[in-house]
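Take a look at the structure below.
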Amino acid sequence: MASPERSGGDVVSYVLAIDQGTTSTRCILFDRRATVVSVVRAEHPQSYPRPGWVEHDAARIWRDLQKLIRRALREAGIGASEVAAIGIANQRETTVLWDRATGVPVAPAIVWQDTRTDVSHLDASFVQDRTGLPPATYFSATKIQWLLEHTPLLKERAERGEVLFGTMDSWLIWNMTGGLHITDVTNASRTMLMDLSSLDWDDELLAIFGIPRAMLPEIRSSSEVYGTADAVLPGVPIAAAIGDQSAALFGQTCFEPGEAKCTYGTGGFLLLNTGTTPVRSRHGLITTVGYRIGDEKPVFALEGSIAIAGSLVQWVRDGLGLIGTASEIETLAGTVTDNGGCYIVPAFSGLFAPYWHSEARGVIVGLTSYITKGHLARAVLEATGWQTRDVVDAMNADSGLALTALNVDGGMTADNLLMQIVADFLQVPVVRPMVAETVSLGAAYAAGLAVGYWSDLRDLRANRHRAGSWRPALDAGRREHEYANWRRAVECAVFFSRGDQDGLR
Amino acid sequence: MSHVPGLIQSIERSSAVLRLLAAGEDRLRVKEIADALGWPKSTAHGILRTLEHVGFVEQDPRTARYRLGRGLLDLASSGIDDNELRGRALNWADALAARSGEEARLGVLRDGQVLVVHHVFRPDDSLQNLGIGVRLPAHATALGKVLLAYHATAAAAVTAAGLDAYTRRTVTSRDVLRDDLAVTRARGWGLSVEEWRPGLAAVAAPVRTSGGLVVGAIGIAGPVERVTDTRRHPRPQLVDQVVAAARSISREVQS
């Protein structure tokens with residue numbers, strides 16, 4: 001991409017962001033104006049050894065990262081001395097256990113999507129009260145427990161401090177520094193082992209899951225110099241670690257309470273900054289740590305997810321064969337002016353926040369002979385719009401803050417019609433920032449702040465520019481009418497799956 | 001299998017594959033195609049992969065059998081969906097706007113006009129309206145001149161329909177437009193200085209799919225004093241940025 005700019009003989013430096021994601025690892029170099037200088041990326045294999053199991057090879061991910069860092073520097077034509085800091089954003093919850101003496105993982109990493117573990121025996125209200133998380137297999141605790149129980153002698157070794165746990169941030173920092181064992185508070189908040197009030201590991205939870213404290217990393221802030229790299233970038237400070245969705249919130253510069261971002265990909269992740277006190281959800285949303293800068297107070301967030309967004313479009317492409325590429329959903333939806341009375345509720349694996357019906361299955365309702373594939377395509381996009389509205393309504397109710405704008409990122413923001421639909425359904429402007437790589441940017445910002453590359457949050461905010469925005473244009477009466485229809489369609493999804501249990505069919 | 005000297009063998013072979021697939025009712029495996037045409041399997045594989053890349057054949061992911069592709073049914077279109085084009089251009093258009101400091105647009109030719117399929121705001125946080133779906137006059141804009149420069153029949157139709165004046169600088173003469181389009185082709189980018197709106201100047205460059213087919217144009221537009229110098233020539237740095245963005249998007253579209 002662009003060659004590094006030099007002005008007035010000053011050496012210009014860069015911040016390296018590492019985005020260790022679920023399917024790939026990326027390294028991006030940013031300059032002071034937060035523009036991307038080079039991007040390199042490597043995919044890693046997903047291993048599905050049994051139904052419901054998803055594993056990663058952590059050693060492979062570390063090898064990939066070393067190559068990527070060298071490539072990123074080579075493409076930008078710069079040396080290690082021109083890197084001011086390293087920041088890491090990572091897939092959350094994915095669990096790595098490794099041998100302290102050899103640094104070798106003791107088992108394949110268990111990925112957040114893996115459902116081999118069971119949380120049904122847990123006291124849900126206790127766990128949610130302590131950690132902010134409604135018990136789910138996503139979180140690290142039951143994954144660690146599973147590995148300790150299913151690997152011979154592992155528990156004894158863990159108790160002696162010979163085996164260490166970490167999420168991907170910890171694993172990479174351990175390797176880059178040659179043995180520093182830490183994590184950040186956003187990642188720790190996703191383990192289901194951290195007390196959200198004290199921001200420390202909770203002894204009661206550790207006892208419940210049978211996890212020895214000796215194997216856990218020290219919890220640090222998201223933005224401080226943890227140490228310096230020794231192997232790949234000798235002497236460069238490692239100055240940020242932050243879970244990917246929190247990183248996107250930070251990269252979108254949602255620094256004020258009431259500011260929110262939604263990342264649209266396969267699913268959607270909506271995070272709302274709720275300020276320095278955690279907001280407990282009454283609607284099944286997740287209370288999580290947004291970020292913490294050095295020894296400042298932590299900033300909390302409410303998180304709600306849209307289970308099926310881009311994956312519904314993929315289903316229309318691969319399952320129904322109505323379109324050839326995902327982008328064509330917009331072209332097809334553009335052949336009609338409304339949904340023709342048709343609604344799709346994509347409850348492929350249940351309905352999540354704010355409905356919570358895991359047994360529900362998807363429905364298409366309102367079919368008449370008038371309905372064409374264009375109406376179906378429209379209903380597909382509208383389903384993502386309504387799911388966003390459902391999560392936003394729950395967040396507004398929990399936080400007492402009314403969302404005034406939604407900042408968006410992710411692949412689906414290329415869908416102009418979808419973005420207009422979201423603005424129409426939420427009745428707030430939808431704003432797309434100029435830097436699409438918000439996860440990496442968040443990691444870069446957090447690292448740059450810690451080393452003084454950027455001076456403060458205002459400095460970061462000054463880099464933010466709107467690339468596009470969509471203003472609500474739907475008539476209020478029509479919107480409420482459509483919303484009522486969507487709610488009835490959701491009831492249909494719940495009703496249909498109920499018949500299965502009650503023998504009503 | 002004979003080959004007439006002077007003709008291009010791979011095109012003859014591609015035609016044979018298409019005729020073979022069109023003749024049969026069943027979908028065919030690579031081996032069956034190679035056997036039917038008397039080729040080594042590797043030759044058939046190479047031809048099929050290329051035809052698949054341009055959308056003329058499709059492979060069923062489950063059975064690995066080949067059939068005619070949807071691209072053949074729709075030969076009159078550019079072969080790339082407008083929204084797909086926007087998706088591929090997204091990151092590069094953002095970078096163009098960020099670097100140039102001006103608003104960026106991606107346009108395609110539709111019924112003799114420029115249809116704006118993507119628009120990125122000028123990065124100054126002023127209030128701006130998203131102009132996706134807007135149509136612009138082809139002969140008066142940089143985007144339009146680029147699209148017409150590589151599309152002779154469309155250029156002829158636009159000229160025949162009459163060249164409306166939007167400002168006193170709009171090109172309304174058939175001959176002047178023809179020369180302008182020739183210059184645009186020769187240097188690889190298009191320019192409009194106050195030809196559509198007074199005070200506004202724009203630079204654009206072509207987006208090409210494999211084979212060189214121009215499917216769109218990407219460009220920037222801004223105040224004439226920022227986009228051009230005192231002699232009303234576009235600033236070389238901006239031209240470089242636009243041409244680089246067009247190349248990057250072309251690569252993205254071809255991958």
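The values are calculated or read from the model by the stated rules, or taken from the named source; none is laboratory data. Since we're looking at a predicted model, the values are computed, not measured. Cβ atoms come from the backbone with ideal geometry, glycine included; neighbour counts cover every protein chain shown.
Structure above, values below:
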{"read-out": "Conditions (1) surrounded by fewer than 20 Cβ atoms within 10 Å (Cβ to Cβ); (2) in a helix (DSSP H, G or I); (3) facing chain A (nearest Cβ under 9 Å); number of the one not met by B:LEU90", "value": "(1)"}
{"read-out": "Unique residue being more than 9 Å from every other protein chain (Cβ to nearest Cβ) and either of a type outside the set (Ser, Thr, Tyr) or without any contact (Cβ under 8 Å) to a residue 24 or more places away in the chain (or both) when the list is A:GLY411, A:GLY400", "value": "A:GLY400"}
{"read-out": "Single residue of B:LEU72, B:LEU28 found to be at pLDDT below 85 and surrounded by 15 or more Cβ atoms within 10 Å (Cβ to Cβ)", "value": "B:LEU72"}
{"read-out": "Pairs, first within 14 Å of chain B (Cβ to nearest Cβ) and under 23 Å from B:ASP94 (Cβ atoms) in segment A:452-478, second among the acidic types (Asp, Glu) and surrounded by 14 or more Cβ atoms within 10 Å (Cβ to Cβ), C-beta under 9 Å, six or more apart", "value": "A:ALA467/B:ASP94; A:TRP470/A:ASP424"}
{"read-out": "Residues (surrounded by 19 or more Cβ atoms within 10 Å (Cβ to Cβ) and closer than 13 Å to B:LEU148 by Cβ) located in segment B:170-190", "value": "B:VAL171, B:LEU177, B:ASP180, B:LEU181, B:THR184, B:GLY190"}
{"read-out": "Selection within segment B:103-137 - among the hydrophobic types (A, V, I, L, M, F, W, C), within 11 Å of another protein chain (Cβ to nearest Cβ) and assigned to a loop (DSSP other than H, G, I, E, B)", "value": "B:PHE121, B:LEU127, B:LEU130, B:ILE132"}
{"read-out": "Hey, B:ASP94 closer than 23 Å to B:ALA149 by Cα, of a type in the set (D, E, K, R) and either modelled with pLDDT of 90 or more or in contact with a strand residue (DSSP E or B) (Cβ under 9 Å, 6 or more places away or on another chain) (or both) or not", "value": "no"}
{"read-out": "Segment A:322-335 residues that are facing another protein chain (nearest Cβ under 7 Å), paired with ones that are at pLDDT 90 or above and in a loop (DSSP other than H, G, I, E, B) (beta carbon under 7 Å, 6 or more apart)", "value": "A:GLU330/A:ASP415"}
{"read-out": "Residue, surrounded by the most Cβ atoms within 10 Å (Cβ to Cβ), within segment A:347-381, restricted to residues that are within 15 Å of A:GLY268 (Cβ to Cβ) and aromatic (Phe, Trp, Tyr)", "value": "A:PHE352"}
{"read-out": "Helices (runs of 4 or more DSSP H) enclosed by segment A:388-505 - at least 1 residues per element that are among the hydroxyl-bearing types (Ser, Thr, Tyr) and over 19 Å from the mean Cα position of the chain (by Cα)", "value": "A:476-502"}
{"read-out": "Looking only at segment A:115-155, and only at residues there that are assigned to a loop (DSSP other than H, G, I, E, B) and of a type in the set (Asp, Glu), the one that is modelled with the highest pLDDT", "value": "A:ASP123"}
{"read-out": "Flag for A:GLY411 being within 30 Å of B:ASN91 (Cα to Cα) and surrounded by 20 or more Cβ atoms within 10 Å (Cβ to Cβ)", "value": "no"}
{"read-out": "Flag for A:GLU482 being over 23 Å from A:GLY258 (Cβ atoms) and away from chain B (no Cβ under 12 Å)", "value": "yes"}
